[in-house]
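Asker: Sharing a structure with you now.
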Amino acid sequence: MKMIYVVEDDSNIREIELFALMSCGYETKGFECAADFWEGIQKRRPSLVLLDIMLPDEDGMAVLYKLRSAPDTKRLPVIMVTAKTAEIDKVRGLDSGADDYITKPFGVMELISRVKSLLRRTEPDMQESMLTLAEIVLDMAGRSCQVEGKPVELTYKEFELLSLLIRNAGIVLTRDVLMEKIWGIDFLGESRTLDVHIKTLRKKLGDAGRHIQTVRNVGYLADEGTDG
């Protein structure tokens, strides 16, 4: 059974999250502050963390940074939960390594959909071992990426996005298709999330980022032969 940690200082919201997740068959544990979370993660590593951005003792972004900096938790799936609605806060969370975000107030069904989608996409595809696009190589079992033999650290969403594009190299994937395949639900028009992930992915890939092309007003395309 997958264990999900909920780090949330508001007891009412925490209990709602825990109850919803338990009702779907997940094992759960709640923490009201970062200190308790750090103590808990030393005892057992969860399958996913729901992390509130506003905590009483330590900022959620700081917690995320520490998770991504530690070898044993750098790939741990994290969904940021925040009351902030400004786009810059969402972008900041994604750029800091969050795999997804959800904004308060949110519906229980949306929460469950996000969790299921992320967990589903963290499972290695055992039917494929390697995917390649020019100098980009993805190890599907190890969920690692290399460009010209050098490792590139990707979040779960970035890895899934890149692997989907590579699998469909030469085919234009619409924004709707990418949103549905990677996030699994209707983001209510917040397709800026996709743009942020593409931008960050290109930056991490360096010169190889040129292989991910924007098709204006349609979507994105992975092109092995693109020179610029």
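Asker: Given the structure, is D9 open to solvent by 10 Å² or more (accessible area, probe 1.4 Å), under 24 Å from V108 (Cβ atoms), assigned to a loop (DSSP other than H, G, I, E, B) and among the charged types (D, E, K, R)? Steps first, answer last, please.
Answerer: Numbers: open to solvent by 10 Å² or more (accessible area, probe 1.4 Å): yes; under 24 Å from V108 (Cβ atoms): yes; assigned to a loop (DSSP other than H, G, I, E, B): yes; among the charged types (D, E, K, R): yes.
Judged against the criteria, D9 is a match.
Asker: Select from segment 146-156 the residues that are touching a strand residue (DSSP E or B) at 6+ places or on another chain (Cβ under 8 Å) and not in a loop (DSSP other than H, G, I, E, B) and write down the one among them that is surrounded by the fewest Cβ atoms within 10 Å (Cβ to Cβ).
Answerer: Only one residue tops the list, namely P151.
Asker: Here is a further query. Residue check: is V177 modelled with pLDDT of 90 or more and surrounded by 14 or more Cβ atoms within 10 Å (Cβ to Cβ)?
Answerer: Numbers: modelled with pLDDT of 90 or more: no; surrounded by 14 or more Cβ atoms within 10 Å (Cβ to Cβ): yes.
Criteria not met by V177.
Asker: Still on this structure, please answer the following. Condition (residue is modelled with pLDDT under 90, touching a helix residue (DSSP H, G or I) at 6+ places or on another chain (Cβ under 7 Å), of a type outside the set (F, W, Y) and open to solvent by 10 Å² or more (accessible area, probe 1.4 Å)) applied to segment 34-56: is it met by at least one residue?
Answerer: Let us first name the residues in segment 34-56 that are modelled with pLDDT under 90, namely 42-45, 53-54.
Narrowing further to those that are touching a helix residue (DSSP H, G or I) at 6+ places or on another chain (Cβ under 7 Å): 53-54.
The next check asks that each one be of a type outside the set (F, W, Y); those that pass are 53-54.
Still in the list and also open to solvent by 10 Å² or more (accessible area, probe 1.4 Å): 54.
Yes, some residue in segment 34-56 is modelled with pLDDT under 90, touching a helix residue (DSSP H, G or I) at 6+ places or on another chain (Cβ under 7 Å), of a type outside the set (F, W, Y) and open to solvent by 10 Å² or more (accessible area, probe 1.4 Å).
Asker: Please specify each residue of segment 12-40 satisfying the condition of being among the small types (G, A, S) and closer than 22 Å to M109 by Cβ. Explain how you work it out, then say what you get.
Answerer: Filtering segment 12-40 for residues among the small types (G, A, S) gives 20, 23, 25, 30, 34-35, 40.
Correct list: A20, S23, G25, G30.
Asker: Quick check on T28: is it β-branched (V, I, T) and either within 15 Å of the chain's Cα centre (by Cα) or in a loop (DSSP other than H, G, I, E, B) (or both)?
Answerer: Values: β-branched (V, I, T): yes; either within 15 Å of the chain's Cα centre (by Cα) or in a loop (DSSP other than H, G, I, E, B) (or both): no.
In short, no.
Asker: What are the pairs, 6+ residues apart or on separate chains, where a residue within segment 157-169 that is in a helix (DSSP H, G or I) and open to solvent by 10 Å² or more (accessible area, probe 1.4 Å) has its Cβ under 9 Å from a residue that is among the hydroxyl-bearing types (S, T, Y) and at pLDDT below 90?
Answerer: E160/T122
Asker: Only residues that are open to solvent by 50 Å² or more (accessible area, probe 1.4 Å) and at pLDDT below 85: list them for segment 186-228, please. Outline the logic, then answer.
Answerer: Filtering segment 186-228 down to residues open to solvent by 50 Å² or more (accessible area, probe 1.4 Å) leaves 186, 188-190, 192, 199, 202-204, 207, 210, 213-214, 216-218, 223-225, 227-228.
Listed by number, the residues that qualify are D186, L188, G189, E190, R192, E224, G225, D227, G228.
The values are calculated or read from the model by the stated rules, or taken from the named source; none is laboratory data. Here the structure is a predicted model, which is why all the values come from computation and not from measurement. Counting neighbours? That spans all protein chains shown, and the Cβs are built from the backbone with ideal geometry, glycine included. When the accessible area is computed, the model is the full protein with side chains, heavy atoms only, and any ligands, DNA or RNA have been set aside. Shrake-Rupley method; radii C 1.70, N 1.55, O 1.52, S 1.80 Å.
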